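Student: Structure incoming, see below.
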Amino acid sequence: MPAFVELERQYPDKEIACACRHPGRSYICKLIEPLIQKIITAVVFVILLGNIAFCQQMRLSLASDAGLQRSLKKDQRYWAAGQTIGAQLSISPKNGAYLAFVYYSKGNVNNEVEATAKSPVTQPAVIAYTSKGVIKNRQISIGWKHYFKGDFASEDKWSLYGTAGFGLVFGTAQSTSSVAVDTALYEMPVLSGKGHFKRLTYDLALGFEKPLGGDIFLYSEIKTAIPSTDYPSKYLYVNEGAPLTACACIGLRVLF
């Protein structure tokens, strides 16, 4: 009886896939191994060829800018200087993905507030004081960039683009009171001290870009970060929907 017939009788079809783990099935392995190797080689070749073709269309850009940020929320308005460091991966002339890291200087906020007594027998019932706050934000943003006019490699004309994405704000808030208030006796709308807060944001921007030559582009943007979550901080006077910010910036993008 031929060897392979004996193997088939001893090992049903459902076990043939495991033949390589059994010394008695080496004959079957020798039959299917060349076919498997050819299939793997063909798949790898197709994947590599596709990646090479795809990578030839992609271009990487690095960018940096300086800007001025304005907090728009009522009772939490301030100015701060900022800088952005980012990267853009263009997958077509008009579309690409971006990743950006932004950090801002400190913004100062003053609020006239009142501490109220916890007990009706406490006198005075209300203490008015000034809360002086310092807010500092850092942000990571990731999203999509689309050119409405021109493209990422335009060499002789200006371009207009927009971006939309998601961000994560890492904030620090520090507050001091103009008068000392006993927190055991009074409820304070904002406490003295320092703490951290986080916000998820929707990030939108509209930008103008002009080539300077040598794969260097001058750009200017107006962008905003809209909070999508609340992470209350007892050191911030305004927590709901804040900080709501807008920023105007100008910078350079280098295409590689």
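Student: How high is the FRET efficiency between D75 and K210 when r is their beta carbon distance and R₀ equals 30 Å, given to the nearest 0.05? Walk me through the intermediate numbers first.
Tutor: Numbers: r = 39 Å, r/R0 = 1.30.
Here the calculated transfer efficiency is 0.15.
Student: Among F208, F152, which comes first, then next, by fewest other beta-carbon atoms within 10 Å? Could you put the intermediate results ahead of the total?
Tutor: On the way: F208 16, F152 23.
If I rank by nearby Cβ atoms, fewest first, I get F208, F152.
Student: Put a dot 7 Å past each Cα toward the Cβ at K234 and L200; how far apart are the dots in nm?
Tutor: It works out to 2.6 nm between the two label points.
Student: Each residue of region 119-127 in order: what ³J(HN,Hα) in whole Hz does its phi give by Karplus 6.51 cos²θ - 1.76 cosθ + 1.60, θ = phi - 60°, with x for Gly and Pro?
Tutor: 10, x, 8, 6, 10, x, 6, 9, 10
Student: Short version: ³J(HN,Hα) in whole Hz for each residue of region 173-185, in order, from phi by Karplus 6.51 cos²θ - 1.76 cosθ + 1.60 (θ = phi - 60°), x for Gly and Pro, what are they?
Tutor: My calculation for region 173-185 gives 10, 10, 10, 10, 9, 6, 10, 7, 10, 7, 5, 6, 10 Hz in order.
Student: What nm distance separates the two modelled labels at I140 and A128, each placed 7 Å from Cα along Cα→Cβ?
Tutor: Label at I140, label at A128, 4.5 nm between them.
Student: Once label points are set 7 Å from the Cα along Cα→Cβ at both W158 and L68, what is their separation, rounded to one decimal in nm?
Tutor: If labels sit at W158 and L68, their model points lie 2.0 nm apart.
FYI, it's all coordinate maths here, none of it is from the lab. Not measured: the values here are computed from a predicted model. Glycine gets a Cβ as well: all are built from the backbone with ideal geometry, and neighbour counts include every protein chain shown.
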